[in-house]
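Note sheet for the following structure.
The values are calculated or read from the model by the stated rules, or taken from the named source; none is laboratory data. Please read these numbers as outputs of a predicted model, since none were measured by experiment. Here the Cβ positions follow ideal geometry from the backbone for every residue, glycine too, while neighbour counts run over all protein chains shown.
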Amino acid sequence: MSGESHDVIVKIMILIVLALSGIVFTLAGYAILLREENKKYDLIIEEIRSSVLPGLSGEASPIELPPVVQGVTEVPRDVQKIPVEQHFFLETFDYRKLILNSFDFLVEGSGFSFVVVEQDVAFKLCVEMGQGKYFITRVNDMYGVMFIGNNPLPGLYESKTAYGVQLVSHTISDGIAPQVIDLRSEGYPACVYKSVTTDGRTFYAAVLGIFPDAAAAREYSNSLDVQSLQRITGWNITDRFPRQLR
């Protein structure tokens, strides 16, 4: 082999070695880059796990124990929500608005009280009782107010019996509730009255008004616009009658 051929072979070998060295260094650099990227993603995943799923993080969350005082352990109790009284606001006496804010369902034996008072006293009594805790009806030049609970206005004579005009009755409340709502929206003092017969049957009556006696209830019944009521409800109310509410 001539000297020139030997030099060529040596140069080729050097080039191959250099090329291989370059490839090795490139792969090594890429491996280092991948390792750094992997560390970065591991850190991100750990941060997400700690914030979203704290129960799966590496460190267990400390458990807070109830304090112990003189050997007695305080047992955590559920927080009871205090019922919010539903008040409403009226600047002046508005009979229709007072009807809409009155209760629309009365159960026999509720322990109500009933008074007949002047307009100003009736207005104050309704507002003091709060939304859904009274029932009001115009009785001639006065107003009958039924309420459940303590009387906020001392000095009033309270009766434990009252009368209303029963229009119809049904064995389920849903059979008359929509019509009662329609009557109230038209300005009629209407409610559903639930009662149980001596043989255990339950009835729901659509009742108009609240009066001190049967005579006042009958007078109100005779003054009703029957055609208007039948148009609103779709009921035949020719058999309506005064009934005692207990």
Selected residue (criterion: surrounded by the most Cβ atoms within 10 Å (Cβ to Cβ)) from residues of the stretch 179-235 that are closer than 13 Å to TYR163 by Cα and among the charged types (D, E, K, R): ARG218
The stretch 149-206 - residue that is among the aliphatic types (A, V, I, L, M) and under 18 Å from CYS126 (Cα atoms) and, of those, farthest from the chain's Cα centre (by Cα): LEU156
Residue ID - surrounded by the fewest Cβ atoms within 10 Å (Cβ to Cβ), chosen from residues in the stretch 136-169 that are among the polar types (S, T, N, Q) and assigned to a strand (DSSP E or B): SER159
Subset of the stretch 83-123 (residues that are modelled with pLDDT of 95 or more and among the aliphatic types (A, V, I, L, M)): LEU98, ILE99, LEU100, LEU106, VAL107, VAL115, VAL116, VAL117, VAL121, ALA122
Residue identified as in a loop (DSSP other than H, G, I, E, B) and more than 27 Å from the chain's Cα centre (by Cα) among PHE93, PHE123: PHE93
Members of the stretch 207-246 that are more than 32 Å from the chain's Cα centre (by Cα) and assigned to a loop (DSSP other than H, G, I, E, B): PRO212, ASP213, SER223, LEU224, ASP225, TRP235, ASN236, ILE237, THR238, ASP239, ARG240
Residues located in the stretch 141-158, provided they are modelled with pLDDT under 95 and not acidic (Asp, Glu): ILE148, GLY149, ASN150, ASN151, PRO152, LEU153, PRO154, GLY155, LEU156, TYR157
Scan of the stretch 197-227 for residues that are of a type in the set (Ser, Thr, Tyr) and either closer than 15 Å to ARG138 by Cα or in contact (Cβ under 8 Å) with a residue 24 or more places away in the chain (or both), ordered by number: THR202, TYR204, TYR220, SER221, SER223
